[in-house]
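We did not get these values from a lab; they are worked out from the coordinates using the rules stated. Small disclaimer: the values here were computed from a predicted structure and weren't measured. Note that we place each Cβ from the backbone using ideal geometry, even for glycine, and neighbour counts take in every protein chain shown.
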Amino acid sequence: MTNNSNNFQIKVDHRLGDRDNLFFRYSRMKMKKVQPSGEKANGVSDVTSYNYGGGLVHVFRPNLILDFRGGTNDRYFDDKTESSVGLGPMKQLGFTDVDRFSGMSLGLLTPWTGAGFGGPQPRSNPV
């Protein structure tokens with residue numbers, strides 16, 4: 001397996017006054033992974049992730065503090081896993097409409113492990 005990853009992060013902190021602090025964070029990761037998948041398939045994955053976050057801390061008094069934070073993590077995952085046997089074995093097992101799904105793959109322990117193909121898988125996790 002080969003895994004190449006590049007990432008960076010920027011964070012800005014700002015003091016608004018004696019009682020208020022503000023921050024913003026931005027992170028980005030780009031990764032390319034090549035990994036065998038079973039005996040007859042090879043997986044190449046391209047992943048790009050973005051993470052944004054920010055927050056505000058306000059001190060009302062020494063024993064009462066407001067700490068407000070939020071963020072999101074967005075990831076685009078393109079799984080280019082392809083099998084030399086294609087979708088034929090899946091159709092023989094009775095899976096229907098496998099041609100219309102971009103990104104369907106099968107990973108059972110069989111002589112043709114890794115049947116099918118992978119595709120784009122965008123994901124987002126707001127917090």
Exercise for review: Could you run the Karplus curve 6.51 cos²θ - 1.76 cosθ + 1.60 with θ = phi - 60° over region 46-59 and give me ³J(HN,Hα) per residue in whole Hz, x for Gly and Pro?
Suggested key: 10, 10, 10, 10, 10, 9, 10, x, x, x, 9, 10, 10, 9
Revision key, fill the gap. For 55-67, 16-28, ranked highest to lowest by mean beta-carbon neighbours within 10 Å, the order is 16-28, 55-67
Practice item. Provide the gained length on full extension for the span LYS32 to ASN73, in nm with one decimal, where the gain is 0.36 nm per separating residue minus the Cα-Cα distance. Key: 12.9 nm
